[in-house]
Amino acid sequence: MKADRRGVLAGGSALAAAALLPPGCASSPPFPGALSGPDMARGHRLRDGRFPAPDGPAEERVGIAIAGGGIAGLAAGWRLLEAGFTDWVLYELEDEAGGNARSGRNAVSAYPLGAHYLPVPNREARALHQMLDQFGMVTGRDAAGAPRFDPTQLCADLEERLLWRGKWQEGLYPAAGLSADDQRQRDRFFAEMAHFRTLTGADGRPAFASPMAYSSRDPALIALDRQSFAAWLAQQGYTSPPLLAHLRYASRDDYGSELDAISAWAGLHYFAARRGWAADGQGDSELTWPEGNGRLAALLRNSVKGHIRTASPVFAARADGAGAVLDRWDQQAGRAIRTRADLAVLAMPHFVARRIAPALGAAPAFSYSPWVVANVTVNRLPRGPGVPLAWDNVSAGSESLGYVVATHQTSSAGNGPSVLTWYLPLSRETPKAARELLQSRSLSEWQGIVRNDLLTMNPDLDGAIDRIDLWRWGHAMIRPTPGFLNDPARRAAQSLKPPLLLAHSDLSGLSLFEEAHYRGVAAAEAALRALGHSFTSLL
Amino acid sequence: MTAPTPDKPQASLAFVLLLSVLVVATCGLIYELLAGTLASYLLGDSVTQFSTVIGAYLFAMGVGSWLSRYVKGDELSIFVRVEVLIALLGGWSAAALFLLFPLVSDFRLALYGLVLAIGAMVGLEIPLLIRILQHRFAFRELVSNVLTFDYVGALVASVLFPLLLVPQLGLIRTGFVFGLANISVAIALLLILPRSRRNAADLAAALLVTASLIAGLFLAERLQRWSEVAFYQEPVIYARSTPYQRMVLTRRSGDIRLYLNGNLQFSSRDEYRYHEALVWPVLGRVANPAQVLVLGGGDGLAAREILRDRRVQRVTLVDLDPEMTRLFRDTPQLAALNGHALASPRVSVHNADAFRWVKEARGQYDAVIVDFPDPTEFSLGKLYTEHFYREVARLLAPGGVMTVQSTSPLIAPRSFWTVATTLEAAGLSARGYHAYVPSFGEWGFTMAAHGAIPPLAALPPGLRFLTPQSEPLLYQFPPDMARRPTPVNRLDNQALVRSFAEEWGPYEG
């Protein structure tokens, strides 16, 4: 290689040597920033069972104990208060509740650390609609009763643009350079999805619903779960490379997984479950905020104020007679504390729940995809040839999912500082290998990767990056692998009986806000029923 | 040739030749970087531009090297001629490409033609130098010397270009400076050569090229403006890029025009028509317009009209770009256009994003003048939404009247009437009107108030366009501009940006 280049240069000049290095290949300058993520020390201490058991009898008594303060746990607490039930406490491992919906903030803007939007929910998501209304996001209703959402809390920009063949275009599907066959396959695929969207199963339920628990159980539809999405696509004759690339993007976007790693049912759910219920054509829009779903997490935290104990990992939970016993580590006091509850809701990922509650059985853990999220503070907005900046900006040539613009709702200036949130699901490797990668790469290595990817999409950002903060999610998303709908372990987890209940989007197999919310509300209602507290179901 | 005795002129010739390898290598890379940078600057997509320019350039160098086998005769004087040619082409390359960009129909043809020509010449240099020097050094030493200087030159150029040259000199001047470096190699060689081998015509050509490069260096600033003149077709008297926009002022026989991002904002010939129509139908309907809010309008021309009304105690003007308000306050020629309105003690200027400013603002205004650029982008589209008008309505006093610049009702009737529909959705009553402004064409505005829009009470004397008799005509729309049903422009549908692009698209080609 070296000799070859010398050979070429000997005939001419050495000019090439310097010129051939594109700007991105130079060793990247270090940026200010931090490498953070969920508290691995606490998580691993829990995994390794290194918390000491509390000495003596239970010190505390409570009606319902919720372990885990992600969206499912917070939604469970919200539901309890809605029903007028106040004798409950939520224990959270981290210093702040919110799970994947947590957010950060700097002098320029707030920004998401994970989930960053909520599609306008379907009509069947009754509990979620009630919560959004209560949080002041609904400004009115149309004649049919459909909610009119506050426009300042919806996407207020071009929703998405795609860098395709050197130019930004509107939408995420390539619009140019498609062969006649590409176009036919695209039209056929989306027509088929439109059909699935309105399809009803033999049981009268929608084929695909959100939350997914409302979906039809028609065996003909459930059968879709037996094969991978990739296999289903091949079987249906979908071979168009731009179509498959687009579907791969979608699969990685919602599930952090490749097309052959997800069930066909889950792949179709992405395209066929969404029927947002709102006035004025807002049904296709997204609720979003500078801090992403951090807004929803903060409003949920605020609505259950006084019930949350942070930095309190629950490390053991078991049924004990008619009630439950939970051991937790109190980080501040530096000791273990035992609580007796009438009922416990384990609102945590299943791989954690299995460790702290051995009664759940040793079934193989579900599998999770790791993600990296970078928040890139820039002193001017990205541009580029073609359509102007959108909320969501994706490059067809990049392994990342592109970036969203945190300030897109709050400014009309067309320029100025902002925070770009950049997403990368590590879906090519096995989750285990990806987690090792996640741990082994340094901050500056990640910053170099993020910078090079951004500058390849937007060379105009050269010199505009002020800092890059990295957030690593080792177990970001449950993977809806083929067979997940009928996975016996998931079925067992769904049908757990008091005094121990589970609440997490893991039970749905889809890592989505709607699912976490539904599972939280469902667990809370099951708990209320078990304790004989009267209420009207929101499900 | 017998083995040369190491006399003085021979030794210095070898040294100058080796030094010239360094200079030539540096210049060659600089021209390549200039072409790549210019191409990404003018055409966008720098990855593509850089890689195709570098590819074409290296290929051309290969062609040049290959062609060197056909070069026979006095290598040294041919080398000098090559240097003169490179100095001319390379030195002028940046300026020429800037000037050509707006003039030629296929800019890529000019770009790659120039890149190939320079590349081929540069490709000739090293083979020729090696041949010239082959009798002065052992082959081992020769290759080592030439390639060392060549590589070092490349390093010098690649470090200087981004760190010093582009920020300090700019692209056009950088071209001329390195053209001069190239030509000085040619002249130095000509001077060192014994008189017998010196060609008078070569020296004359070299001096001529030197003169053109020096002239170019001093005219660089003007060259840059000429290239914008080609775009604007009028002499440019001021041009500046701020973080928000490219501002260009032109003047032709007393007509001053302001362009923002290439879009005409006003012509001093007829702006009175626009600004009288913008301001007086509003002020003429308000009983006591003591407090007036202007959103946009950083040129101060609306403020000038408002200040003519002695009842007005304070004008609050909110414009995004501090450079804009500074220019129209401090430049005598421009301040004369707005009657020094921006320096008036009755005017307070806030440089802020109006979308954020109205959200925080308190107080009541008797009249509100909304004068934003057309909704060409989603960011600007936010300033025409129901949500924004609700915020403005909160600031509008009971009995107050507001107006909104609403694009052309003739070219874009749906967009124009969308503003009225949206103001009505925000709970106001709205009324469209229009005026003919020659430099714009038929132009529209939308008036709004909390209740019914009050009748015109009075207009000041001395207006050039509006009189109590002509004002009612503004509200009459022939069928081609007549009101039609439109959607409400909301933050979450941005309907106006879409209809605006559809309706204006055919006019902008």
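The values are calculated or read from the model by the stated rules, or taken from the named source; none is laboratory data. All of these numbers come straight from a predicted model, not from anything done at the bench. Surface areas here come from the heavy atoms of the whole protein model, side chains and all, with no ligands, DNA or RNA. Shrake-Rupley method; radii C 1.70, N 1.55, O 1.52, S 1.80 Å.
Observations, loosely collected:
- Of all DSSP-defined beta bridges confined to the protein assembly as shown, some 65% are antiparallel rather than parallel.
- Expressed as a fraction of 2.2 N^0.38 Å, the C-alpha radius of gyration for the stretch A:121-284 is 1.16.
- Debye-formula intensities of the stretch B:270-364, expressed as log10 I(q)/I(0) at q = 0.14, 0.17 Å⁻¹, are -0.48, -0.72 (one equal scatterer per alpha-carbon, no solvent).
- Cα pair count fraction exceeding 61 Å, expressed as % - the protein assembly as shown: 24
- Segment B:Arg195-B:Ala336, length gained on full extension (0.36 nm per residue, minus Cα span): 44.3 nm
- For A:Glu92, the solvent-accessible surface computed with a 1.4 Å probe is close to 20 Å², ligands and nucleic acids excluded.
- Under Karplus coefficients 6.51, -1.76 and 1.60, residue-wise ³J(HN,Hα) of the stretch A:271-287 in Hz, glycine/proline x: 9, 10, 9, 8, 9, x, 9, 6, 7, 6, x, 7, x, 8, 8, 10, 7
- Normalised per residue, the volume of the convex hull around the Cα set of chain A (Å³): 177
- Whole-angstrom gap from the stretch B:22-37 to the stretch B:45-68, using each part's C-alpha centre: 12
- Taking all protein chains together and a 1.4 Å probe, the residues A:His44, A:His195 rank A:His195, A:His44 from largest to smallest accessible area.
- When only alpha carbons are used to place a centre, the stretch A:216-288 and the stretch A:33-65 end up 37 Å from one another.
- Using the 1.4 Å probe convention, the accessible area of the stretch B:435-484 works out to 52 Å² per residue with neighbouring protein chains retained.
- Computed P(r) (all Cα pairs; the stretch B:373-421; 5 Å bins; percent): 5, 18, 27, 25, 14, 8, 2
- Both numbers refer to the Cα atoms of the stretch B:130-214; Rg and Dmax are 16.3, 45 Å.
- Here the mean projected area of the convex hull built on the C-alpha positions of the stretch B:270-508 is 12.1 nm².
- Between A:Leu154 and A:Thr288, the built amide H atoms are under 5 Å apart, and every one of these is 5 or more places off in sequence or on another chain.
- Protein accessible surface hidden between A and B, which excludes ligands and nucleic acids, total in Å², probe 1.4 Å: 3000
- The stretch B:8-231 - Debye-derived log10 I(q)/I(0), Cα point model, q = 0.10 Å⁻¹: -0.44
- Gap separating the Cα centres of the stretch A:421-461 and the stretch B:448-484, nearest whole Å: 60
- Expressed as a fraction of 2.2 N^0.38 Å, the C-alpha radius of gyration for the stretch A:370-505 is 1.33.
- Annotation: A:Lys167 carries an accessible surface of approximately 120 Å², with a 1.4 Å probe and no ligand, DNA or RNA atoms counted.
- Helix B:170-192 and the long axis of chain B differ in direction by around 20°, with both axes built from C-alpha atoms.
- The stretch A:44-178: Rg to Rh, with Rh as the Kirkwood radius over Cα pairs: 1.10
- Phi-based couplings in Hz for the stretch A:350-359 (Karplus 6.51, -1.76, 1.60; Gly and Pro marked x): 5, 5, 7, 4, 5, 6, 8, 10, x, 4
- Order of exposure, largest accessible area first, which applies to A:Asp55, A:Asp182 with probe 1.4 Å: A:Asp55, A:Asp182
- With the convex hull of the Cα atoms taken as the outline of the stretch B:288-331, the averaged projected area works out to 3.0 nm².
- With the alpha-carbon atoms of chain B aligned to their principal axes, the span from lowest to highest coordinate is 105, 42, 39 Å, starting with the largest.
- Under-5 Å amide H pairs with A:Met477, H placed in peptide plane, nonlocal only: A:Ser369
- Å² of accessible area per residue within the stretch B:205-338, as computed with a 1.4 Å probe and no ligands counted: 40
- Volume per residue of the C-alpha convex hull in the stretch B:176-216, rounded to whole Å³: 46
- Here A:Lys167 is the anchor, and the aspartates and glutamates within straight C-alpha reach of less than 13 Å, apart from those fewer than 8 places off in the same chain, are B:Asp45.
- For A:Ser36, residues with placed amide H under 5 Å, excluding near neighbours: A:Leu470, A:Trp471, A:Arg472
- Accessible-area composition of the protein assembly as shown, carbon plus sulfur, in percent [1.4 Å probe]: 57
- For the stretch A:114-119, Karplus couplings with θ = phi - 60° (6.51, -1.76, 1.60), whole Hz, Gly/Pro x: x, 4, 10, 7, 10, x
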